[in-house]
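For reference, the structure is listed below as structure tokens.
The values are calculated or read from the model by the stated rules, or taken from the named source; none is laboratory data. These numbers come from a predicted model, not from an experiment. Don't worry about glycine lacking a Cβ; one is built from the backbone with ideal geometry, like all the others, and counts go over all protein chains shown.
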Amino acid sequence: MSKLPPHKMPADEWDELHFPRPEENDFDRVVERAISRRGFLSGIVAFGSGAVAMGAGLLNSTSAQAQAVSRFPFTPIDAQTDMTVHVPEGWNWKPMVSWGDALFEDVRGFEATTGVSLADSDKVFGENTDGMETFQIGGHEILAVNNEYVNPETNLPHTKDGVPQSAEDVRMLQNFQGVTVMEIAEGQGGFAPVKGSRFNRRLHHNAPMTMSGPAAGHALLQTAADAEGRNVLGTMGNCGAGKTPWGTYLTCEENFNGYFGGKAEGLSDLVQAGYERYGLADESQYGYEKFDARFDLSHNPNEPHRFGWVVEIDPTNPDSTPVKRTALGRFKHENAEVTLAPDGRVVVYLGDDERGEFLYRYVSTNPYVAGQPTDGLLDDGTLYVAKFNDDQTGEWMALTPESTGMDKAEMLIFARQAASKLGATTMDRPEWIAVNPYAVEAYCCLTNNKNRGVKPNAGGDETPVGGPNPRQANHYGQIVRWYPDEDDHAKDTFRWDLFVMAGNPTVHGDAYAGSKNVTQGNMFNSPDGMTFDSAGLLWIQTDGEDSNEGDFAGMGNNQQLAGDPVTGEIARFLTGPTGCEITGLCWSADRRTMFVGIQHPGGSWPSDSGLPRSTVIAVKRDDAALVG
Ligand code: FEO
Ligand code: CA
Ligand code: CA
């Protein structure tokens, strides 16, 4: 135990000093139970003192490796710790678009050391590139990209430390975020934005949107500026993404709470509990409320209820108004992975990325029929939350007024509280979910959770070690996979296992070494972005600790890896510059270019501009062959 005085102790250490945990922790109990079932339960693997439910292909690494014929179209690369991007031999990359690049004619855009002017700030590519998707219409190729949040010290270089000093500063930050929609085209120098294309638009923090679905118009969504509770300005915290079978883009609002500040008075018990559960504090992270009353909770206590949704955008129609789909629930959305049940109903898998929060599924009431109107498909349906059992079974529990005791709108606005009432499984921060196009199975990155087995979630739900969250104080992360019963994503029961447990086999000899498909040659931490390519390879992007020291020694910078869902094999494909996370992945229409997001790089990457710039890079093979 640390000798530090209490006021200098980290909170978790202080907690342990005052509330010592019992000798036998939850981890040991789960291990004991799992081992006792080994005779009839396949997939439980012992790791030193631990036991974990691993995928069947990972039970015996020797036979799995002997049978595996690598499907990876590249030679894996080593971990790196430098200030550039690395890709395998025979591949190349170049920046395609960076924060501040002009999207329209007569816009100056980014300039070295001074950044972007206020006048240009809503006409340039936004900050912190994240989830993205490509769309095609009439020979035009369109890229929709999330601009998740800002780096104020970089974006406001005229301020001392990035703290906004005026309404203009706040407006500038607001303009850099949200979503960028732009046409792209490949020329001699590779892919680049088409400046001035009629498809180009910025959907920032003040862009008009509407709300639809069961919560639209509810009193908790009404404000002085919008008495109807149906017309919102802006989308924020745009993290992961999704794409519907009918060709629209889904942008997912994650950490919206950090934009609001001020003391709200006279809140009902439900709303007060919601403030606490969703992390609405008296002071914001970005200082908006000091210069923009819309973000001051003492004036607009309902404004934060209008964020934390999945927003549907038609990138092929620049005149369309984005729609917030309340049927998909309000929480800190990561991505929205859309698939169809055998009967055509729309299934959307949704993660809530916070320590000890939940995994959700939406199922539409009506089926998708190509060519028929789709407007109600994301409005009329049922939201479910996952319960994982230690015996590798699980179920989706419906959120209904009957099951939650809440009216339908409140149940969606406060989905976290509703899901807690059902006893859903607290997860190790669900990030991206990906559905295998060649098998009826889905994967979710559980990025890490230092509070696992240590502290409850923000709603007081316990976070016991076990099931798909098998390690206490989990700082490496894992990927859980589930197989819907009867090969139907709309069925309410499933079986599950772990595709991989990240870890460091050079530092640890127990469960923290990771699963057997993690080696000295491919190790990583904190899986985050994830998607399948058209060949059925699972691409994994990381947002973790890049110190390359201690528990993370040898892992290097954040990276992108490919996984084989059949053999469990994992190989490192790309590494980013120091300081960045790797975010967002999609492909050009001809599948000969892979677009990868480099968010918040360090130094002044990618050029010598004096300011670092989040950038989407275009990755190709030297022989211009298919890349996914
Ligand atoms: Fe924006 Fe959970 O990542
Ligand atoms: Ca993420
Ligand atoms: Ca993350």
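Take the residues in the stretch 490-523 that are of a type in the set (Ser, Thr, Tyr) and in a loop (DSSP other than H, G, I, E, B); name whichever of them is nearest to Asp390 (Cα to Cα).
Result: Ser515.
Got a sec? Which of Gly261, Gly196, Gly234, Gly242 is on the phi > 0 side of the Ramachandran plot and either surrounded by 17 or more Cβ atoms within 10 Å (Cβ to Cβ) or without any contact (Cβ under 8 Å) to a residue 12 or more places away in the chain (or both)?
Result: Gly234 is the single residue among Gly261, Gly196, Gly234, Gly242 that is on the phi > 0 side of the Ramachandran plot and either surrounded by 17 or more Cβ atoms within 10 Å (Cβ to Cβ) or without any contact (Cβ under 8 Å) to a residue 12 or more places away in the chain (or both).
Which of the residues that make up the stretch 113-131 are more than 16 Å from ligand 3 (Cβ to nearest atom), modelled with pLDDT of 95 or more and not small (Gly, Ala, Ser)?
Hits for the stretch 113-131 are Val116, Leu118, Asp120, Asp122, Lys123, Val124, Phe125, Glu127.
Looking at this structure, is Thr531 of a type in the set (Val, Ile, Thr), out of contact with any Pro (no Cβ under 8 Å at 6 or more places or on another chain) and closer than 17 Å to Met54 by Cβ?
no
Yes/no per residue for (1) out of contact with any Leu (no Cβ under 6 Å at 6 or more places or on another chain); (2) in a loop (DSSP other than H, G, I, E, B); (3) closer than 30 Å to Tyr349 by Cβ:
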| residue | (1), (2), (3) |
| --- | --- |
| Gly229 | no, yes, yes |
| Asn257 | no, no, yes |
| Gln272 | yes, no, no |
| Ser284 | yes, yes, no |
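I'd like to verify a number: residues in the stretch 352-378 that are within 16 Å of ligand 3 (Cβ to nearest atom), of a type in the set (D, E, K, R) and not in a strand (DSSP E or B), how many?
Number satisfying all stated conditions: 3.
Does the stretch 158-172 include one or more residues that are within 26 Å of Leu377 (Cα to Cα), among the polar types (S, T, N, Q), over 27 Å from the mean Cα position of the chain (by Cα) and modelled with pLDDT of 95 or more?
Checked the stretch 158-172: no residue is within 26 Å of Leu377 (Cα to Cα), among the polar types (S, T, N, Q), over 27 Å from the mean Cα position of the chain (by Cα) and modelled with pLDDT of 95 or more.
Being part of a loop (DSSP other than H, G, I, E, B), of a type in the set (D, E, K, R) and either within 16 Å of ligand 2 (Cβ to nearest atom) or in contact (Cβ under 8 Å) with a residue 24 or more places away in the chain (or both) is the filter here; which residues of the stretch 388-443 pass it?
Passing the criteria: Asp390, Asp391, Arg429, Glu441.
Rundown of residues vs (1) surrounded by fewer than 22 Cβ atoms within 10 Å (Cβ to Cβ); (2) more than 16 Å from ligand 1 (Cβ to nearest atom), yes/no style:
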{"position": "Arg202", "(1), (2)": "no, yes"}
{"position": "Asn206", "(1), (2)": "yes, yes"}
{"position": "Ser212", "(1), (2)": "yes, yes"}
{"position": "Ala215", "(1), (2)": "no, yes"}
{"position": "His218", "(1), (2)": "yes, yes"}
{"position": "Ala227", "(1), (2)": "yes, yes"}
{"position": "Arg230", "(1), (2)": "yes, yes"}
{"position": "Asn238", "(1), (2)": "no, no"}
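Quick grid of which residues meet (1) of a type in the set (Asp, Glu); (2) in a strand (DSSP E or B); (3) within 26 Å of the chain's Cα centre (by Cα):
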| position | (1), (2), (3) |
| --- | --- |
| Ala241 | no, yes, yes |
| Pro245 | no, no, yes |
| Leu267 | no, no, no |
| Gly308 | no, no, yes |
| Pro315 | no, no, yes |
| Ser320 | no, no, yes |
| Thr339 | no, yes, yes |
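So which residues in the stretch 543-584 are free of Cβ contacts under 8 Å to residues at least 60 places away in the same chain and crowded, with 20+ Cβ neighbours inside 10 Å, if there are any at all?
Matches in the stretch 543-584: Phe552, Asn558, Gln560, Leu561, Cys580, Glu581, Ile582.
Could you tell me which numbered condition Val150 fails, if it satisfies all but one of (1) farther than 21 Å from Glu254 by Cα; (2) in a loop (DSSP other than H, G, I, E, B)?
All conditions pass for Val150, except number (1).
Can you go through Gly50, Gly43 and tell me which one is surrounded by fewer than 20 Cβ atoms within 10 Å (Cβ to Cβ) and modelled with pLDDT under 90?
Every option except Gly43 fails the conditions.
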